Amino acid sequence: MNKGLMNTLEENHKKIADKILNNERINEDEALLLYKEFDLAVLGMLANHIREKFNQNYTYFNRNIHIEPTNICIHNCLFCSYSRKINQEGAWEYSLEEIRNTAKSYKASGITEVHIVGGVHPNRTANYYAELIQTVKNELPDVHIKAFTAAEIEHMAKKEGVDVRTALMKLKAAGLDSIPGGGAEIFDEELRKKICPDKTDTEKWLNVHRQAHKLGIPSNCTILYGHIESYEHRVDHLSRLRKLQDETNGFNAFIPLKYRSGNNEMSYAGEVSTTEDLRNYAVSRIFLDNIPHIKAYWPMIGKDISVISLSYGVDDLDGTIQDTTKIYTMAGSEEQNPEMTIDEISSLIKDAGRIAVERNSIYEALNIFN
Ligand code: V47
Ligand code: SF4
């Protein structure tokens, strides 16, 4: 780290910076100070130190598509712009045949991952979703299937009348390879009641991921930030994730999801600034010293901020997407048709001074773009 910059730090800030540079774990109080008192330039340098310890100068992406089987959802998350009730205008529900045809249309496309997430449908069981996975896998046998948030898994197990572990085993037998990080929102129980009152609770979310990791199914994790939470809430959230990772080591990536305020019941909260996004990426990178990757999900945050985030701890930009997801389009993201070619995504990364690496879903390098 830049010596001149280090010399300008106050004594207690210097102690924390030294700890980070010596690769020592920081505690919750220290993380709070990072959020509240540290200069963004200092945070960037500290986060970059950890980022390069884990991932050198590499920045990862993959070739992926999303399938969103339905937006019909039993829950009522106030930040959601996407869900509908049965028969409500704007609701969709694809049949297995339609999903088969979608998968078929990507046979020769070079994609390596299908990300499948939708609303928590009132009637769908674990057996139905196992069939859905099998349907996609039959068409795309070599493609990694990352599917279903903990909220969907919890509900499909209940509908099937089985426990979460049994549901996960059924999904795995059908071809599930990993689980995405959605549904975590914010773990603080009081705040969770305010923004997603009837959603899968914190302990259940953590338990789905714990059970998955124990079965050898890796997963991602997220936070929904930039609404009505405080820095204390964010640190508590990160801390619960770090604890679970100490126990299971099953998380591949952490994805901070910025609250987007378009067309939902929390629009009054507005959106946080770009500086706040960068601060959040940096503190997450520093605090989560046991999760190898920090992802900027570009359809949510936009291409421009994603590229800047590579200097604030981020080492992964998700994928090419091919205009297959609507969650953030409906919440007012600037990326209304999220799609990037390999050329475009690798050039963005190279322009930021990083080495672009096309990865598979478990972060093995497939192609390096120098
Ligand atoms: O759980 C919903 C979030 C999540 C809004 O694991 C919103 O690789 C911001 O988890 N503003 C689903 N966020 C998406 C998700 C995800 C996305 C990309 C990659 C991965 C991965 C996971 O979207 C939900 C919720 O937290 N969300 N509405 C909104 N208005
Ligand atoms: Fe349903 Fe997910 Fe939207 Fe919540 S965020 S209402 S669980 S689709």
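The values are calculated or read from the model by the stated rules, or taken from the named source; none is laboratory data. The shown structure was predicted, so the numbers you read here are calculated from the model rather than taken from an experiment. Heads up, the Cβs are rebuilt from the backbone with ideal geometry, glycines too, and the neighbour counts pull from every protein chain shown. Surface accessibility is based on the protein's heavy atoms, side chains included, excluding ligands, DNA and RNA. Shrake-Rupley method; radii C 1.70, N 1.55, O 1.52, S 1.80 Å.
Tabulated data for the structure shown
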| item | result |
| --- | --- |
| Trypsin sites (Lys or Arg not before Pro) restricted to DSSP loop in region 104-192 with at most 14 other C-beta within 10 Å | Lys107 |
| Rounded percent of accessible protein surface that carbon and sulfur make up, region 3-369, 1.4 Å probe | 47 |
| Helix 11-21 axis, angle to the chain major axis (alpha carbon atoms, nearest 10°) | 50 |
| Lysines whose Cα lies under 17 Å from that of Lys36, excluding same-chain neighbours fewer than 8 positions away | Lys14, Lys15 |
| Charge dipole magnitude, Cβ of K and R +1, D and E -1 - the chain, Cα centre, debye nearest 20 | 700 |
| For region 278-287, 3J(HN,Hα) per residue [Karplus equation, 6.51 cos²θ - 1.76 cosθ + 1.60, θ = phi - 60°, Hz, x = Gly/Pro] | 5, 4, 5, 4, 5, 5, 4, 4, 6, 6 |
| Accessible area (Å², per residue) of the chain, counting only protein heavy atoms and a probe of 1.4 Å | 39 |
| For the chain, cysteines whose Cβ has no other cysteine Cβ within reach (under 4.7 Å) | Cys73, Cys221 |
| Average silhouette area of region 114-243, convex hull of alpha-carbon atoms, in square nanometres | 7.8 |
| Qualifying trypsin sites (Lys or Arg not before Pro) for region 284-352 [loop in DSSP, other Cβ within 10 Å: at most 15] | none |
| Nearest 10 degrees, 0 to 90: helix 40-55 Cα axis against the chain principal axis | 60 |
| Between helix 164-174 and the chain: long-axis angle, C-alpha atoms, 0 to 90°, nearest 10 | 70 |
| Measure of compaction for the chain (Cα Rg per 2.2 N^0.38 Å) | 0.96 |
| Gln134/Leu9 FRET efficiency (R0 41 Å; Cβ-Cβ; nearest 0.05) | 0.15 |
| 17 Å reach of a label modelled at Thr275, 7 Å along Cα-to-Cβ, counting backbone N of region 211-246 | 226, 231 |
